[in-house]
Amino acid sequence: MENSFKKLYKNKISHELLQEFNYSNIHEIPKITKITLNRGLGEAAQNAKSLDNSIKELTLITGQKPIVTRSKKAIAGFKIRENVPVGLSVTLRKDKMYDFLNKLINLSLPRIRDFRGLDLKNFDGHGNYNIGLQEQLIFPEIEYNNIDKIRGLDIAIVTTAKNDSESLALLKKFGMPFEK
């Protein structure tokens, strides 16, 4: 069974972008290559339980086990030794990426309190879009009673677009709610 967002891109969005930007080659049409979720865990150096809870949460949210990122060198000011867990990272590609994008746009973003749309300033100049979320409770898999602490996470949507305007057009066609 093919993913609905993947089908939408293949059958509708790619053709609309081809006409809108007058590409000479179908390989020039921008597409989403990966979505990366990242969570920094400063307290994981002292508290191993917070690391385990975050691993469970990101696994529930993405359906994929995160990679533990470790410190490269010791920093006394942050009380961090070398090779200590400082964060988690998950990279989603292909079907899992489209599933997550569908869930993010249609279920999670509407659950944010006082949500007026995503900021247009979060493009990086190379066609990629970054979202910083304040809490993990907006995802339907996370239950309030099962979390020990409210933690945020960063989401990076990486595209093959050459510039921000192409990437904006691509994400808008997927239904990403940008502010007006």
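We did not get these values from a lab; they are worked out from the coordinates using the rules stated. Being a predicted model, the structure only gives us computed values, none of them experimental. With ideal geometry, Cβ positions are generated from the backbone for all residues, glycine too; neighbour counts draw on all protein chains shown.
If one puts a single equal scatterer on every Cα of the range 40-90 and applies the Debye formula without solvent, what log₁₀ I(q)/I(0) results at q = 0.13, 0.18, 0.25, 0.26 Å⁻¹?
Listed by q, the Debye log ratios stand at -0.29, -0.53, -0.88, -0.93.
Out of the DSSP beta bridges found with both residues in the range 59-180, what percent are antiparallel (nearest 5)?
90 percent
At a threshold of 8 angstrom on Cα-Cα distance, excluding pairs fewer than six apart, so keeping six or more, what relative contact order does the range 27-157 reach in percent?
It rounds to 30 percent for the range 27-157.
Calculate for the chain the 222 nm mean residue ellipticity that helices alone would give, adding -39,500 (n - 2.57) per DSSP H run of length 4 or more and normalising by residue count, nearest 500 deg cm²/dmol.
Computed mean residue ellipticity for the chain: -8000 deg cm²/dmol.
For the chain, go through all pairs of different Cα atoms, get the mean of 1/r, take its inverse, and jot down that Kirkwood value in Å.
Computed over the chain, the radius equals 17.7 Å.
Residue separation times 0.36 nm, minus the C-alpha to C-alpha distance between Asn22 and Leu107: what's the value?
The span from Asn22 to Leu107 would gain 27.3 nm if fully extended.
Comparing Asn130, Asn11, Asn122, which has the greatest mean-square fluctuation in the GNM of the chain with Cα pairs linked when under 10 Å apart?
Looking only at Asn130, Asn11, Asn122, the biggest GNM fluctuation is shown by Asn11.
For a quick check: with amide H placed at 1.01 Å from N, whose amide H comes under 5 Å from Val84's, ignoring anything fewer than 5 positions away on the same chain?
Here the answer is Ser71, since their amide H atoms fall under 5 Å of that of Val84.
Let's see if you can work this out: charge +1 on each Lys and Arg Cβ, -1 on each Asp and Glu Cβ, no other charges. What is the dipole magnitude of the chain about its Cα centre, in debye to the nearest 20?
Values: 29 positive and 21 negative charges, 72 e Å.
The dipole magnitude comes to about 340 debye.
Taking +1 at the Cβ of each Lys and Arg and -1 at the Cβ of each Asp and Glu, which of Asn3, Leu170, Asn122 sits farthest along the dipole of the chain towards its positive end, judged by Cα position relative to the Cα centre?
After comparing all options, I get Asn3.
Normalised radius of gyration for the range 10-106, please: alpha carbon Rg relative to 2.2 N^0.38 Å, two decimal places.
Expressed relative to 2.2 N^0.38 Å, the Cα Rg reads 1.51.
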